[in-house]
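The values are calculated or read from the model by the stated rules, or taken from the named source; none is laboratory data. It should be emphasised that the depicted structure is a prediction, and the values quoted were computed from it without experimental measurement. Cβ atoms come from the backbone with ideal geometry, glycine included; neighbour counts cover every protein chain shown.
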Amino acid sequence: MANKMRLAAAVALALALPACEKVSSVSDSASPAGESGFAAEFRQQLLDAKPGDVIQVPAGTFHFDRSLSLRADGVTIRGAGRDKSVLSFKGQKAGAEGLLVNANDFTIEHLAIEDSKGDGLKVSEARGVTIRGVRVEWTGGPKTSNGAYGLYPVLCHDVLIEDAVAIGASDAGIYVGQSRDVVVRNSRAERNVAGIEIENTVNADVHGNIATGNTGGILVFNMPALTQQGDAVRVFANKVTANNTGNFGAKGTPVASVPAGSGIVVNSNDNIEIFDNDIADNQTANIIISSVFSTGYKADKASGEFDPYPERIFVHGNRLSGGGDSPDGLDLKALKVAMYGLGGRLPDVLFDGYVNPARAGGPQICLRDVSGVVNADGPGGYKNPSKDATPYACSLPSLPAVDLKRG
Amino acid sequence: MLRRFIAGLALCVLAACARTPEPVRFHAEGMPATLADWNVVYVADGRLRLNARVVPYDLATPLFTDYAHKLRTVWMPAGTQAGYRPEATFDFPVGTILSKTFYYPRGEAGTVLRSADPGPDLADGGLALDAVRLVETRLLVRRAEGWIALPYVWNEAQTEARLMRGGELLPLTLVGNDGSRQQVDYAVPDQNQCAGCHGTDLKSKAVFPIGPKARHLNRSFAYEDRRANQLAHWQEVGYLGGVPAGSLPADARWDDPKAPLEARARAYLDINCGHCHSPRGAARTSGMWLDAATRDPLRLGRCKLPIAAGKGTGDHAYGIQPGDPDASILPYRMASTDPSVMMPELGRSVVHVEGVALLRAWIAAMPPYDCGG
């Protein structure tokens, strides 16, 4: 009897197994195949993160085959140094950035992000962002195949970037877009298309930085059809030297129109103060003031309130030298030869000449302590450029400092 | 003792073989480790089956995911229903579980087939596992505090799907009708990346379903016993209330040659791009909005200057150059598999050739317009 029952049980068991499909295979990929050790652990920590967490990245190089993302507020990611703790995305297969953050009160410090396929660090729609001592680099040097932006806060409020390093971005090394209350200081941008770019951003201080070896050193841009227009940007006490790398950006992007050899460029932005900088040896011009009309923009009623004209620009007290001796592009070369002769050079400031004829008082572009200015007559097809500096002999009140209240 | 053991076994056998599984279980908190913990879909007798009151559905025009086919289901607790919304995702009650199972028809020797998705074949009660390979099942669960996304990945034996919060890359070989082979790193998103698409409101960071909207659901579906309009069926089974009388919004099917090109293209852009490219989505940074509600040609990309496209421009000046797909950024990014170029950024690793062709035809048919550049 007992035997019979045992048999019945066995039969029942045999039936049950395939029917219930209870066979579970333990060996199944419980951890991502391409990432191991700390890399897998780090990804998990980002998923589990809670406000107040400090995620430590030890010294070492950690490889990721997919982008990372963080969505929890109040998290700090802290490495052992921007040359010691490296998040490497070399060979990345998926994801448009290295690390994507969509969280408030975010701090990342003392680490490096290398060779991401797309942007290095993107922080979107966040309030309270600190990026300190972070290096973003494409280690193969300047290449069009590098990712677009190194450090990329966008739609953010209250952003501090300091002691950062950005090298090799195919668009901008440090880019702050559509943000408000921003400080970028004591950082270094080299061999990017744009070293530091502030775009459609309100209240920004860019100071104490070094921009060298880029196509353009420091850019302040305003583009149409975005969430807000740029306003009130101060660029001061920076060293902007020898930004003469050939433009390796993809055509069509805003920075693709930046000629190699541009020091500081203001494009379609209002209320900009540029002072106390050392600007030298930028071979197109140390300072360029221009409009998106020069870069393929056509006034369109659909662009709404967009103001394409740079207005209320105050340049004063900078230490300028060299530059203008080898402008990029046939048009500018021709301009230089026509206006200053074969051995001459463009003056410190190059202005494309687009002004709003309806604006009482003109564009209020005030240039002091510069070697001269040339208005390239963009609106007139570059036919009647002018060296007359008298329209620019004016002053504007200084802009207030941006105070993020964190020292 | 022994008798009780045998009785227990017999119960198990009966339960499984009589196909009366445990009811669907809504977990109000936590992250259950296996898909089976939810009991929405389950494997029995060689099929992936739907539990009682789990209703399958399809979208007029779906998101493209590396040619994966998709079985979508909805379940709500008894006595609850979703509230109709004309444009937004329906207002689902707490306890709702949406599932989406990604699968491929099986090819020879471990390959899978690259084919259009005709909709799930649920004849005989479920997807036949000898014919299809299950890849992952993603759940969207409506809890009191909001929606949570949970990705479950099926094992090789197709017996179990386990939670894979960190995502992974799954190598697949896609074989086309013509025998062509394509190696794919199918990307299972990590849990934060789920919000990359489903966080349709960047500010609130809340996660929402994308598909179950009136315009996407307003089409017929081949249920096990009959063919019926999905919105009508949801009302009949008590899953949807507050539906107004009269005609309801309906998206075109992107691959319906009888539908107008404009409607097909806009339906495709809406479901593939509109969750980010909207006035509230993650891609509002770009100023290019591709959701169904957008009408402004500039917002839709006509003569629109790129902002942060980087090399994604493909050396083109405008999002859409009317009449000239070769000079437009939009189809260029759709036709790329470079992670730093391609759109959408997540959810595919191969090109949707037919989708690109549709959008190219749409742009080619636009009257030429001088963008000024």
Which one is surrounded by the most Cβ atoms within 10 Å (Cβ to Cβ), of the residues in the range B:343-369 that are more than 24 Å from the chain's Cα centre (by Cα) and either of a type outside the set (A, V, I, L, M, F, W, C) or within 12 Å of chain A (Cβ to nearest Cβ) (or both)?
B:TYR369
Please pick out the residue among B:VAL112, B:VAL40, B:VAL13 that is crowded, with 21+ Cβ neighbours inside 10 Å and either farther than 30 Å from B:ALA265 by Cα or modelled with pLDDT under 95 (or both).
B:VAL40
Take the residues in the range A:163-200 that are crowded, with 24+ Cβ neighbours inside 10 Å and of a type in the set (D, E, K, R); name whichever of them is farthest from A:VAL86 (Cα to Cα).
A:GLU199
Residues of the range B:261-309 that turn out to be in a helix (DSSP H, G or I) and under 21 Å from the mean Cα position of the chain (by Cα), as a count:
13
Which of (1) surrounded by fewer than 17 Cβ atoms within 10 Å (Cβ to Cβ); (2) within 21 Å of A:VAL233 (Cα to Cα) does A:GLY341 not meet, given it meets every other one?
(2)
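Only strands (runs of 3 or more DSSP E) wholly contained in the range A:37-89 count here; list those with 2 or more residues that are within 27 Å of A:ASN146 (Cα to Cα). Quick ask: steps written out before the conclusion?
Working: elements: A:54-56, A:60-63, A:66-70, A:76-78, A:85-88.
Correct list: A:60-63, A:66-70, A:76-78, A:85-88.
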Tally up the residues in the range B:216-236 that are of a type outside the set (Lys, Arg), surrounded by 14 or more Cβ atoms within 10 Å (Cβ to Cβ) and touching a residue at least 12 places away in the same chain (Cβ under 8 Å), please.
10
Which numbered condition B:ARG280 fails, given (1) surrounded by fewer than 20 Cβ atoms within 10 Å (Cβ to Cβ); (2) more than 30 Å from B:VAL55 (Cβ to Cβ); (3) within 14 Å of chain A (Cβ to nearest Cβ)
(2)
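Could you look through the range B:195-210, keep only residues that are closer than 17 Å to A:LEU70 by Cα and touching a helix residue (DSSP H, G or I) at 6+ places or on another chain (Cβ under 8 Å), and pick out the one that is farthest from the other protein chains (Cβ to nearest Cβ)?
Let us first name the residues in the range B:195-210 that are closer than 17 Å to A:LEU70 by Cα, namely B:195-207.
Restricting the remaining residues to those that are touching a helix residue (DSSP H, G or I) at 6+ places or on another chain (Cβ under 8 Å) gives B:196, B:199, B:202, B:205, B:207.
Working: B:GLY196: 7, B:GLY199: 7, B:LEU202: 5, B:LYS205: 6, B:VAL207: 9 Å.
It comes out as B:VAL207.
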Taking the range B:286-298 as the region of interest, how many residues are facing another protein chain (nearest Cβ under 7 Å) and either in contact (Cβ under 8 Å) with a residue 12 or more places away in the chain or surrounded by 20 or more Cβ atoms within 10 Å (Cβ to Cβ) (or both)?
2
Of the criteria (1) surrounded by fewer than 22 Cβ atoms within 10 Å (Cβ to Cβ); (2) free of Cβ contacts under 8 Å to residues at least 24 places away in the same chain; (3) more than 7 Å from chain A (Cβ to nearest Cβ), which one B:GLY323 fails:
(2)
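Given the options A:LEU404, A:LEU342, A:LEU396, A:LEU346, name the one that is at pLDDT below 95 and in a loop (DSSP other than H, G, I, E, B). First the steps, then the outcome.
Details: A:LEU404 fails: at pLDDT below 95; A:LEU396 fails: at pLDDT below 95; A:LEU346 fails: at pLDDT below 95.
Result of the check over A:LEU404, A:LEU342, A:LEU396, A:LEU346: A:LEU342.
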Are there any pairs, at least 6 apart or on different chains, whose C-beta atoms fall under 9 Å, with the first in the range A:255-278 and among the aromatic types (Phe, Trp, Tyr) and the second surrounded by 24 or more Cβ atoms within 10 Å (Cβ to Cβ) and not in a strand (DSSP E or B), and if so, which?
A:PHE275/A:ASN318
